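**Q** Handing you a structure now.
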Amino acid sequence: MFATLGRRTALHAARRTAQQQAKRRMGGGAAAPEWTGIDKVVRGYFPKDEDMVVAISGGYLGLFLLFKIKGALSGSPEVEEAAPVAAAPAASAGAIPDVDSEEFGAFLESEENVAKLVESFEK
């Protein structure tokens with residue numbers, strides 16, 4: 001009987017001691033750093049890290065919008081038109097002209113030329 005009572009008392013004391021001990025948690029319990037210089041001034045306005053993130057992100061967004069608005073107000077520079085390109089003469093009388101050229105329509109009017117075109121596809 002005394003052994004059981006002794007074990008129960010020891011078990012109860014062990015549980016109480018375990019509950020009273022501080023638990024270690026990651027990232028908690030560190031003392032706040034002492035800020036000096038410009039950090040102290042900035043931390044006066046933005047004390048938490050989350051506030052600093054929002055302020056920095058807002059600053060970058062503000063710069064982006066400023067440049068976008070400036071570009072829209074100043075207008076885009078005038079684009080010079082390219083000089084028209086003269087059509088190149090046909091390489092030879094028997095050659096097949098380019099599909100995009102105006103000469104291709106006249107080329108297809110002849111049965112011989114259509115046969116040349118089909119032969120070139122088969123090669």
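**Q** What is the spin-label model distance, in nm, from K123 to H12 if the labels are put 7 Å beyond Cα along the C-beta direction?
**A** Rounded to a tenth, the inter-label distance reads 10.5 nm.
**Q** What nm value, rounded to one decimal, do you get for the distance between Y45 and I96 when each label is placed 7 Å out toward the C-beta?
**A** 7.1
**Q** Right, next: I need the calculated FRET efficiency for the pair A106 and A82, taking r as the beta carbon distance and R₀ as 22 Å, to the nearest 0.05.
**A** So, using R0 = 22 Å, E works out to roughly 0.25.
Taken together, the values in this text are just the output of simple stated rules run on the coordinates, not laboratory data. Computed from a prediction, not measured in an experiment: that's the story for all the values here. When we count neighbours, we look across all protein chains shown, and the Cβ atoms used for this are built from the backbone with ideal geometry, even at glycine.
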